[in-house]
Amino acid sequence: QSDTTWMDLHRISTERGTNVWESEPSVPPADRSGKDFERRLSNGHWIDIRQRQTKTGNIVAIHVDITELRQAEEALQRSQTITNEAVKIAHLGHWTYDVVNRKTSYCSEEYARICGYTDEEYSVMAAAGNFEFLNIHPDDEARVRQVYENSLSTQEHWNMEYRIVRTDSSVGHVREIA
């Protein structure tokens, strides 16, 4: 049967005359420390186990089938992996700007690569919360800053191309849509 419930586990335990946690190889004996944990049953289902020891020494437990949640998390992870690979192949970077503090609050790894940073440099800068990567070419800087300022005051989107100076001093061309 595909839908194993706590009652099924209790029935199996009773029929076998043993503790179900001992009979399910992937589920450890009851944890009396009061910690919550998740376990995969031999039928492939996942359960979330929340248990507490009572003052009398008994265990009170809630077991919830979280199989669908786990499957959704796995599907999301696969989708994120595919999207990240597509972004990398397309050389598509993205960032988030904090309007209140007037600073970049996040940028993607690919955005940092476009600006000439290595993955290691990105990791160090991201860990420090430093996302000010972009070096706009001096000849384009006034125009780009004007578009940014205009967008902040009007809340309008923009679509522009301009040059950047990468960390190795090479010039790159970017198209920015925001």
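What follows is calculated from the coordinates using simple rules that are stated; it is not laboratory data. Just so we're clear, the structure is a prediction, and the values are computed from it rather than from any experiment. Quick reminder, even Gly has a Cβ in these numbers, built from the backbone with ideal geometry, and neighbours come from all protein chains shown.
Here are the numbers:
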quantity: Sum of side-chain charges, Ser123 neighbourhood, beta-carbon under 15 Å (Lys, Arg +1; Asp, Glu -1); calculated: -4
quantity: Peptides 168-178, 102-112, 59-69 ordered by average Cβ neighbours within 10 Å, highest first; calculated: 102-112, 59-69, 168-178
quantity: Residue-by-residue Karplus 3J(HN,Hα) for the range 127-132, coefficients 6.51, -1.76, 1.60, Hz, glycine and proline x; calculated: 4, 8, x, 9, 10, 8
quantity: Counted charge near His91, where neighbours are those whose Cβ lies closer than 10 Å (Asp, Glu -1; Lys, Arg +1); calculated: +1
quantity: Distant-in-sequence amide H partners of Glu38 (H built 1.01 Å from N, under 5 Å); calculated: Ile49
quantity: Other-chain or far-sequence residues with amide H under 5 Å of Thr104's (modelled H); calculated: Asp98
quantity: Amide H contacts under 5 Å for His137, placed H, 5+ residues apart; calculated: Arg163, Ile164, Val165
